[in-house]
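Scroll down for the structure; my scribbles are underneath it.
What follows draws every value from the coordinates through simple rules; no lab data is involved. A quick note: this is a predicted structure, and the numbers were derived from the prediction, not measured. Neighbour counts run over all protein chains shown; Cβ positions are idealised from the backbone, glycine included.
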Amino acid sequence: MKIVRTPDERFAGLPHWPYAPRYVDVHGLRVHVVDEGPADGPVMLLLHGEPSWSYLYRHWIPVLVDAGYRAVAVDSIGIGRSDKVTDPDWYSLAHHVDQLVGVIEALDLRRITVVVQDWAGPVGLVTATEHDERFARLVIMNTWLHHHGYQYTEALHRWHEAAKQPELPFGSIVAFSSAGSSQDPAEVLEAGFAAPFPTREHMVGAVAWPAMLPFADPERSGAERQAAAFAALARWDRPAHLFFGDQDPVFTVEWGRAFAAAIPGATFDVVEGAHHFVQEVGRPLAERVLAAIAAETA
């Protein structure tokens, strides 16, 4: 299995990103994590989709740490500073879940509040429902779980087709998809989200995500495990908070409301003006998440 790593200098000087890299070995692959805040604080596990990486949470981490949380952001294999397997056939929901479980066990994370968006939804929610003893709470943003009757948007079908290219301008894609809602200008987003991908070989893992959407590849996308996780959420007995940006054509507010209704006691909040990468709203959204958690015992 061939692996490439993005040179460290690609990440040097990124705005709002002072964090020294930390790595966890999982099944022979090096996974990058940011682990900030008190070691004994409540855990906020921050997960990304594609083609973003933990940089998506650059404005969240200081807010969470100031609130006493241990903020743990994980880069999936093929993304960010983590190892990048160059064989596209390696990439599957099963492998990504296995890697995430390995990180959780290596760091012995417990009572986790998990934050998911985009493909982090399937990966993080499958993990949370299959290992629920380690999870205290769900924060779900602009994502989905495959299940019978789920209607995929035309925007997602278009992305599936567009991402068939072996090389894509990921920085520009995130910048365009966050225009008007990010705290940072487009040039910061373009530099930050292009950083992990200096060559086509480094992009294999990011391109693999849309290729394995359930309507295209049910096996690699873990369609059945996703459906099982969706069914398990109907029995979820802990807090769940959903935040959906209202400018996302991929995972719409209408779907977000239906998703929240499928989880007992879940709250739902519309993030006005926010696009697909809703985390780019930054500090104000992190504060809204903390407020929702505080309101659980009010």
Quick one, what does Rg over Rh come out to for region 22-112 if you take C-alpha atoms and the Kirkwood Rh? 0.97
GNM top mover of ASP87, ASP118, ASP269 - the chain, alpha-carbon springs below 10 Å: ASP87
Are there GluC sites (Glu not before Pro) in region 199-280 that DSSP puts in a loop and that have at most 13 other Cβ atoms within 10 Å, and which ones? GLU219, GLU272
Which value results for Rg/Rh of region 254-298 when Rg is the Cα radius of gyration and Rh the Kirkwood radius based on the inverse mean 1/r? 0.99
Mean separation of Cα contacts under 8 Å (6+ apart) over length of the chain, as relative contact order %: 20
If I take all pairs of Cα atoms in region 3-297, what percentage of them are more than 32 Å from each other? 16
Work out the charge dipole of region 3-297 with +1 on the Cβ of Lys and Arg and -1 on the Cβ of Asp and Glu about the Cα centre, then indicate which of GLY149, MET44, ALA258 is farthest towards its positive end. MET44
Given a 10 angstrom Cα cut-off, can you work out which residue in ALA186, ALA20, ALA261 is the most mobile in a GNM of the chain? ALA20
Can you give the Kirkwood hydrodynamic radius for region 1-154, in Å, rounded to one decimal and based on Cα pairs? 16.0
Could you grab the Rg to Rh ratio for region 4-73? Cα atoms only, Kirkwood for Rh. 0.96
Quote the Stokes-Einstein diffusion coefficient, in whole µm² s⁻¹, for region 119-229, based on the Kirkwood radius over alpha carbon pairs, a temperature of 25 °C and a viscosity of 0.890 mPa s. 155
Least to most buried among TYR91, TYR55 (fewest other Cβ within 10 Å first): TYR91, TYR55
How large is the helix-only mean residue ellipticity at 222 nm for the chain, computed as the sum of -39500 (n - 2.57) over DSSP H runs with n ≥ 4, divided by its residue count, in deg cm²/dmol to the nearest 500? -9500 deg cm²/dmol
Amide H partners (placed H, <5 Å) of ARG70, local residues excluded: GLY41, VAL43, MET44
